[in-house]
Amino acid sequence: MIVSVVNTKGGVSKTTTSVFLANELALREPDREIILADLDKQGSATEWADRAQDNGDPFPFRVEVSNIKRLPRLAQSDAEAAIIIDTPPGDSTVIQNAIEASDFVIVPTQAAGLDLSRVWETLPAITTQMYAVLITSARLNTKLLNDTIATLEDQGISRFDTIVPLREHIRTAYGFRPPHDGAYADVLNEMLEALKEGVE
Ligand SMILES: Nc1ncnc2c1ncn2[C@@H]1O[C@H](COP(=O)(O)OP(=O)(O)OP(=O)(O)O)[C@@H](O)[C@H]1O
Ligand SMILES: [Mg+2]
């Protein structure tokens, strides 16, 4: 299973989603090999993993510094492994290659008009892969959130029913193994369910 987390926009929770999702998968399937492939030259996921290790609180999965040349090799190495690819903002070549290697594409976005415009920019790169937009850092029960959901629904865009709220324990997780998080556990369930059914 190969999952990429993409959005051309920066700061929309790509790395946070990659790390929390890999952690939930490790909690659910402790014996499975789980690899977070860091395709972002900024190396945020790698740095997070290293700091967690230094803090004596290591990730329960591997983080591999990777690039588009290595990706196919990583994908072929172990068919049973789960590979989650964290991607950089802006770099359309890297984003395209990550998407093409994937079984499922997660497009995190915040609930704001400007951010949604970057979702429209990102979606055409996803051709045959299953995908879903994930609303993150959301303030629950706000008009902005409801409007964002309505816009996605009007446009027929596939999205996770689960909304990841703005949470202090998510913001402060950097440098440590992420805590179990119910929203990300639900995101994982939804994605595994969709992959099992093979429908978008
Ligand atoms: N649900 C959340 N609640 C609170 N803070 C969050 C949440 N999700 C992400 N953040 C915070 O938002 C910031 C940006 O998140 P992150 O680094 O994951 O984004 P990104 O899309 O990977 O950014 P970049 O494009 O620079 O790689 C971080 O400070 C992170 O801690
Ligand atoms: Mg990032």
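The values are calculated or read from the model by the stated rules, or taken from the named source; none is laboratory data. Predicted, not measured: the structure shown is a model, and the values here were computed from it. All Cβ positions, even for glycine, are placed from backbone atoms using ideal geometry, and neighbour counts span all protein chains on display. Areas reflect the complete protein model, heavy atoms only, side chains present, ligands, DNA and RNA absent. Shrake-Rupley method; radii C 1.70, N 1.55, O 1.52, S 1.80 Å.
Just one residue in the set Ala150, Ala132 is part of a helix (DSSP H, G or I) and either of a type in the set (D, E, K, R) or modelled with pLDDT of 95 or more (or both); that residue is Ala150.
Listed by first and then second residue, the pairs with beta-carbon distance under 7 Å, at least 6 apart or on different chains, first residue in the stretch 145-174 and under 22 Å from Ala125 (Cα atoms), second open to solvent by 40 Å² or more (accessible area, probe 1.4 Å) and at pLDDT 95 or above, are Leu152/Arg159; Phe160/Glu190. Scanning the stretch 1-53 for residues that are away from ligand 1 (no atom under 12 Å from the Cβ) and among the charged types (D, E, K, R), we see that the one that is least open to solvent (accessible area, probe 1.4 Å) is Glu24. The single condition among (1) on the phi < 0 side of the Ramachandran plot; (2) in a loop (DSSP other than H, G, I, E, B) that Leu116 does not meet is (2).
In the stretch 71-79, is there at least one residue being within 16 Å of ligand 1 (Cβ to nearest atom), without any contact (Cβ under 8 Å) to a residue 60 or more places away in the chain, of a type in the set (Ser, Thr, Tyr) and assigned to a helix (DSSP H, G or I)? So far as the stretch 71-79 goes, no, none of its residues is within 16 Å of ligand 1 (Cβ to nearest atom), without any contact (Cβ under 8 Å) to a residue 60 or more places away in the chain, of a type in the set (Ser, Thr, Tyr) and assigned to a helix (DSSP H, G or I). Within the span defined as the stretch 88-102, one or more residues are assigned to a loop (DSSP other than H, G, I, E, B), surrounded by 22 or more Cβ atoms within 10 Å (Cβ to Cβ) and of a type outside the set (Val, Ile, Thr).
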